[in-house]
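A quick write-up on the structure given underneath.
Each reported figure results from applying straightforward, stated rules to the coordinates on display, with no laboratory input. Bear in mind the structure is a predicted one, so any value in this text is a computation, not a measurement. Every residue, glycine as well, gets a Cβ built from its backbone with ideal geometry; the counts of neighbours run over all protein chains shown.
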Amino acid sequence: MLSRRQKHILLKFFSLFSVVRGYNILVIVIAQYLASVYIFANHLPVKSVLLDLNLLMLVMASSATIAAGYIINNFYDSEKDLINRPQKTMLDRLVSQNTKLSFYFVLNFLAVIFASYVSFKAVVFFALYILAIWMYSHRLKKQPMVGNIVSAILTVTPFFAIFIYYRNFEMVVFAHAIFLFLLVSMRELTKDLENIKGDLALNYRTVPVVHGEKISKFMLSIVALLTITTAFILVRYFEIGHMYYFFYLAVLLLFIYLVILWKSKKKTHYLLLHNILKLIIVAGVFSILLIDVSIVLNRI
């Protein structure tokens, strides 16, 4: 049996894990390594990629920066989240704001230390990334469209760091990046529809607040069609192995998403739409394994 103090420490750990969204960071780490092996460094032996200390440091720097980003975002959005996600917010508040800010600075410092192992350019890159995340959380996220676009860019930035490191400028890399960027953009706008109550209460100038739900749905439909088009381009014009199964599944789910979108009126409907997009993104991460198993086995 755990003592009362041990239970309190355990609850604080889960609270901090909830704030930094450890499950999201784990998925990003897996995605970075899979993308490195199968896409960015597909000309190198798998072992040399997995044991590359520079890659490990870039992944660690990305993880620390993203975790810090979630903390500062949680800090600025605490009142809004109390309205939109009361249960999660109560768990998050088990850790004081001062403690969260202390972790924020420590994580950012660690990110710079990890990046310094790679190069001075990597330090500059992550310093700018940290600054951009703070600017987004402090000011930009309250601006319609600008906040959504910046958020989507910040989400794909960790992959851009590895893209620069391996200097792989093949068109397939850009095609995958565009597909991910469009999906994340859809997720951000869907989250705005889901959180419209808190945004209205605290005067966040998101697209649904400024332009209304109908315009937001119209914009989401356009981005969804662009995402579907990108999926077909990837299947038709690029060597992606058996990953085409994922893209066909993604297209099917996006059509289902569009049907539900235009019938959605409640927060629970938008939460379902958000979860559909999260499912596509997570499935996309693990479907990278389908690109070409035989080639990877030969590269071990």
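Each principal axis of the chain carries a Cα extent, and these read 54, 46, 43 Å when sorted largest first.
Between Val156 and Leu10, how high is the FRET efficiency from 1/(1 + (r/R0)^6) when r is the Cβ-Cβ distance and R₀ = 35 Å? Nearest 0.05.
Details: r = 34 Å, r/R0 = 0.98.
The pair Val156/Leu10 has a calculated efficiency of 0.55.
The GNM of the chain, with springs linking C-alpha atoms under 10 angstrom apart, assigns the highest mean-square fluctuation among Leu55, Leu289, Leu26 to Leu26.
Which residue, Gly147, Gly198, Gly212, tops the fluctuation ranking in a GNM of the chain built on C-alpha contacts under 10 Å? Comparing Gly147, Gly198, Gly212 in a Gaussian network model of the chain, the most mobile one is Gly212. Between Leu131 and Arg167, the modelled label-to-label distance comes to 2.6 nm, taking each label 7 Å out from Cα in the direction of the beta carbon.
Filter the trypsin sites (Lys or Arg not before Pro) in region 141-245 down to the DSSP loop ones having no more than 12 other Cβ atoms within 10 Å, then list what survives. Working shown, then result.
Working: sites: Lys141, Lys142, Arg167, Arg187, Lys191, Lys197, Arg205, Lys214, Lys217, Arg236; in loops: Arg167, Arg205.
Sites meeting the loop and neighbour criteria: Arg167.
For a 21 Å ceiling on Cα separation, which of these pairs sit above it: Lys214/Lys266; Lys80/Lys214; Lys121/Lys142; Lys191/Lys265; Lys217/Lys266?
Lys80/Lys214; Lys121/Lys142
Loop-located GluC sites (Glu not before Pro) across region 173-243 with a Cβ neighbour count of 15 or fewer within 10 Å are Glu239, with loop assigned by DSSP.
Rounded to the nearest 0.05, the FRET efficiency derived from the C-beta distance between Tyr248 and Asn24 at R0 = 35 Å is 0.85.
In region 166-199, which chymotrypsin sites (Phe, Trp or Tyr not before Pro) fall in coil by DSSP and have 16 or fewer other Cβ atoms within 10 Å? Please report the intermediate quantities before stating the final value.
On the way: sites: Tyr166, Phe169, Phe174, Phe179, Phe181; in loops: Phe169.
Hits after loop and neighbour filter: Phe169.
Residue-wise HN-Hα couplings along region 110-122, as the Karplus relation 6.51 cos²θ - 1.76 cosθ + 1.60 with θ = phi - 60° gives them from phi, are 5, 4, 5, 4, 4, 5, 5, 5, 7, 5, 5, 4, 5 Hz; Gly and Pro carry x.
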